[in-house]
Amino acid sequence: MAELNFPELVQADRVHKSVYTDQQIFDKEMENIFEKVWVYCGHASQIPNPGDYYAVTIGRQPMLMVRAGDGTVHVLHNRCPHRGVQLVGNLKGNTGGAFVCSYHAWSFHLDGKVRAIPLARGYEGTAMNKSNPDCNVKRAARVDSYRGFIFASLVADGPSLLEFLGDARIAFDDMCDRSPVGEVEVVPYCHRMVQQSNWKFFMENQLDALHPSVTHQSTGISAGRVEKRIKEEKGSAPLHYHYLSTFASSFEQWDGVQTINFPRGHGILKAYMGLRPQDPDTLEYEAVLRSAYGEAKTEEYLSRSIHHVLVYPYLSVQSPLQQLRCLRPISPGKTLSEIWHFRLKGAPEAIYRRSLWYFNLVNSPATMINADDLENWTKAQWGLESDGGDWVSFHRNHGDDRVENGVSYSNHGTSEVVMRSQFQAWSKYMQGDAS
Amino acid sequence: MSAEATKPLAAAAIPSAGADMARLLAQDVVIGGETAGPATGAQRIEPTHSPRATLAGQPAFERAVPRPETAAATDLHREVEQFLYLQAELLDDKQWQAWIDLFAADGSYWMPVAPEQTEWESSPSIFIEDKLLMEIRKGRVSHPNAWSQAPQWETNHLVSHVAVESSDGGTIVVRSRFHMMELRRDAIRHFGGRYRHTLVRDASGALKIKLQRVDMFNSQASFDYVLQIWV
């Protein structure tokens, strides 16, 4: 196996195509990044009751997240320690008081400890008796949560969850602070979509401000035409037309939307949609927030300039509209994305319904936006698998960005500092530095 | 040769399971109910566990038993059936405006995420489109720069099992099944499920769609790529 030379593959302003296509590099990504960093498992409200579980993939590892009788959430390998059979065969459910293996009925407490083995006397005098820790289901090394969002790490050492999130923790603060009680709860339907492309395309695309008016031109223009007609007829149009029409903003407008790029590859695309219309629903909602938090805090919470926040390498959180997309890489050219929506606890129903329009129009499997993104990434994957060239260019505005305390601020929204910053983090991880 | 060796081989080699097996065979389905006798196997180890239990407090979706058509006269059945075939053919022929014109002015196209959903205002949908949103989708796929429309792309619908569930006061509720094959580039995908149409008549007496509800049987499976147009 050839030695991977990361400083050669990842240069300041370009990367080698193999980082998107090579199986050896993908395996190393799983080992050095996804199976070390804190990976999002789900929201606490997905498993409110003891025995509730969700299957989740961390790197290449099939895991499950389960609520125990004492309220603790455990993240376990989905594997019976006896002969290796997966303990749950579906995505979600309630396992009662224990997990039971379908092969030989070994059963396990919800924290993974072995509970009963049929005809246990058969193990008398062997090394595999109930006091042997090898009889327990293997657990994730660390589990932690932030504002109800549950994460696990498969290694015992490394940064804490809060250290890992760093400034990107604003994703969860911004989402929860918009609730008068500071909490969200999950909407219990997950859209799962397979992208026939490397996971990194999605992460780059989320903060790529040059592509929307090209890629999404057809939807933006079509929606803009209808929006304009409604405005002419009725004076104003519902916000959800704007969700779509804004994609067709000009290059110059997009160039004015700043990105902020943190260490560890996290980042923020600043707001551009204008989500504070002065309609009665919004005014009622803002009054609810003011009575909960007071004037100053409410203004702070509602005036944060965020379109979405990236938690590198796998999460895009659209906090102002309470939706989240989580990547589960499958192979160099195949990625599963899981798409969730949340309700602001205590907020008027109209605010949920407003953000639901974005979830339906942009994030559902009938999306009028990602249809064209997925087409781009599929073609990108094929292009990079070819011998038509070796390098991927990230030269736009290289050397032009403002860097303060390790954070890069783009002077131009379309600066490819986003990709340069993500690959800086990537290269560090791949060379074994997960600090 | 001893008497023992002359016994039939099968009787000697396969012992009877005896009363235990008889009791097992007598047991009814155990999911969600009491068992007929003492537990065996996994139930003996963990009686409360079922690998098929839903999240606590979330009952499984109760499927209604489909009723045969009783409401329609032969000519109404035939008219409705032809209308449903036309709906599907217009989609396959990419006659977007003619398809939209099948809907009443306040008509909607709805594809819920899951069969238990009864409304779209407070829960997510795969599609929920009135005629204005249909116009946006039509405009999008018709635009010269609709990049994802460049590859060859065709659909083929089959509609069957048409049953008029009710017909009163000018409102007709009709249930049917569909199967859609979709070709995109060189790959074929399959989608299937149930249509439930609420039909009304316009001033000229023509059928119009007030609501087309589409429950895909694979709506909660993972989607390889997306749905660009109505199913």
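Every read-out reported here was derived from the displayed coordinates using simple, explicitly stated rules and does not represent laboratory data. Bear in mind that the values here come from a model prediction, so they are computed numbers and not experimental data. Glycine gets a Cβ as well: all are built from the backbone with ideal geometry, and neighbour counts include every protein chain shown.
Using the Kirkwood radius built from alpha carbon pairs, what does the Stokes-Einstein equation give as D for chain A at 10 °C and 1.306 mPa s, in µm² per second? Don't skip to the answer; put the middle values down first.
Numbers: Rh = 23.4 Å.
Taking Rh from Cα pairs, D becomes 68 µm²/s.
Can you tell me the FRET efficiency between B:Leu86 and B:Asp106 if r is taken as the Cβ-Cβ distance and R0 is 35 Å, rounded to the nearest 0.05? Write down the numbers at each step before the final one.
Values: r = 21 Å, r/R0 = 0.59.
Efficiency for this residue pair is about 0.95.
Would you kindly derive the ³J(HN,Hα) couplings of segment A:56-72 from the backbone phi angles with the Karplus curve 6.51 cos²θ - 1.76 cosθ + 1.60 (θ = phi - 60°), listing them in order in whole Hz, with x for Gly and Pro?
8, 9, 10, x, 9, 9, x, 10, 9, 10, 9, 8, 8, x, 8, x, 5
Let me know the volume per residue of the alpha-carbon convex hull for segment A:234-294, in Å³. Intermediate values should be presented prior to the final figure.
Details: hull volume 8.9 nm³, N = 61.
With only Cα atoms used, segment A:234-294 gives 146 Å³ per residue.
Be a star and scan segment A:186-225 for residues whose amide nitrogen sits under 11 Å from the point 7 Å along the Cα-to-Cβ vector of B:His143.
What the label zone holds, given the 11 Å backbone N cut-off, is A:212-225.
A:Ser435 versus A:Glu163, label points 7 Å from Cα toward the beta carbon: distance in nm?
0.9
In Å, what Kirkwood hydrodynamic radius results for segment A:39-146 from the alpha-carbon pair distances?
14.2
Mind listing the lone cysteines of chain A, meaning no other Cys beta-carbon sits under 4.7 Å from theirs?
When partners are defined as cysteine Cβ atoms under 4.7 Å apart, chain A leaves A:Cys41, A:Cys135, A:Cys176, A:Cys190, A:Cys326 without one.
Using the C-alpha gyration tensor of segment B:137-218, what are the square roots of 5 times its eigenvalues, in whole angstrom, with the largest one first?
Semi-axes (√(5λ), whole Å): 30, 18, 9.
Kirkwood Rh and Cα-based Rg: tell me the resulting Rg over Rh for segment A:262-307, rounded to two decimals.
Working: Rg = 13.4 Å, Rh = 12.2 Å.
Checking Rg against Rh, the ratio lands at 1.10.
Under 10 Å from the Cβ of B:Val159, count the other residues' Cβ atoms, weight Lys and Arg +1, Asp and Glu -1, and hand me the total.
-1
Output the peptides B:141-147, A:359-365 sorted from most to least packed, where packing is the average of other Cβ atoms within 10 Å over each peptide's residues. Before the final figure, lay out each step's value.
On the way: B:141-147: 15.4, A:359-365: 23.4.
Averaged packing, sorted descending, gives the order A:359-365, B:141-147.
If I stretch the segment between A:Glu232 and A:Ala287 completely, what's the gain in nm (0.36 nm per residue apart, minus their alpha carbon distance), one decimal?
Result for the pair: 16.8 nm of gain on full extension.
Give me the net charge of A:Gln195's neighbourhood, meaning all other residues with Cβ under 10 Å from the Cβ of A:Gln195; Lys, Arg count +1, Asp, Glu -1.
In short, -1.
Whole Å is fine, so just give me how far the alpha carbon centre of segment A:60-99 lies from that of segment A:273-300.
Segment A:60-99 and segment A:273-300 have Cα centres separated by 41 Å.
State the three equivalent ellipsoid semi-axes of segment A:130-260, derived from the C-alpha gyration tensor as the square roots of 5 times its eigenvalues, in descending order and whole Å.
41, 19, 17
Helix A:349-362 sits at what angle to the longest principal axis of chain A, using alpha carbons and giving 0 to 90 degrees rounded to 10?
Helix A:349-362 sits roughly 90 degrees off the main axis of chain A.
Quick one: which of A:Lys200/A:Lys297; A:Lys200/B:Lys94; A:Lys36/A:Lys345; A:Lys17/B:Lys94; A:Lys334/A:Lys428; A:Lys270/A:Lys334 span more than 31 angstrom between C-alpha atoms?
A:Lys200/A:Lys297; A:Lys200/B:Lys94; A:Lys36/A:Lys345; A:Lys17/B:Lys94
Just counting partner chain Cβ atoms within 10 Å, what average do the residues of peptide A:182-192 show around their Cβ? Working shown, then result.
On the way: counts 0, 0, 0, 0, 0, 4, 6, 10, 4, 8, 4.
Mean inter-chain Cβ contacts per residue within 10 Å come to 3.
Once label points are set 7 Å from the Cα along Cα→Cβ at both B:Trp153 and A:Asp111, what is their separation, rounded to one decimal in nm?
Simple spin-label model gives 5.3 nm for this pair.
Relative contact order for segment B:74-216: what is it in percent, counting Cα pairs under 8 Å that are at least 6 residues apart? Don't skip to the answer; put the middle values down first.
Numbers: 242 pairs, mean separation 35.0, N = 143.
It comes to 24 percent, rounded to a whole number.
What list of ³J(HN,Hα) values in whole Hz, one per residue of segment B:52-59 in order, does the Karplus curve 6.51 cos²θ - 1.76 cosθ + 1.60 (θ = phi - 60°) give from phi, with Gly and Pro shown as x?
Once rounded to whole Hz, the list reads 9, 5, 7, 3, 4, x, 10, x.
Go from 0 up to the bin containing the longest alpha carbon distance in segment B:93-231, width 10 Å each, and give me the % of pairs per bin.
11, 38, 39, 11, 1
Hey, what does the equivalent ellipsoid look like for segment A:312-400, semi-axes from the Cα gyration tensor as sqrt of 5 times each eigenvalue, largest first, whole Å?
Each semi-axis is the square root of five times an eigenvalue, giving 33, 16, 13 Å.
Counting other beta carbons within 10 Å of each Cβ, put B:Leu133, A:Leu302 in order, fewest first.
A:Leu302, B:Leu133
Could you please rank A:Glu286, A:Glu3, placing first whichever residue has the fewest other Cβ atoms within 10 Å of its Cβ?
In increasing order of surrounding Cβ atoms, one gets A:Glu3, A:Glu286.
Once the other residues with Cβ under 13 Å from the Cβ of B:Val173 are scored (Lys, Arg +1; Asp, Glu -1), what is the net sum?
The answer is +3.
So, in Å, what gap is there between the alpha-carbon centers of segment A:196-224 and segment A:334-413?
Cα centres, segment A:196-224 to segment A:334-413: 7 Å.
Which whole-number percent is the relative contact order of chain A (Cα, under 8 Å, 6+ apart)?
For chain A, the relative contact order is 21 percent.
How large is ³J(HN,Hα), in whole Hz, for each residue of segment A:421-434 in order, when computed from phi with the Karplus curve 6.51 cos²θ - 1.76 cosθ + 1.60 and θ = phi - 60°, using x for Gly and Pro?
Rounded to whole hertz, the list is 5, 4, 6, 4, 5, 4, 4, 5, 4, 5, 8, x, 9, 9.
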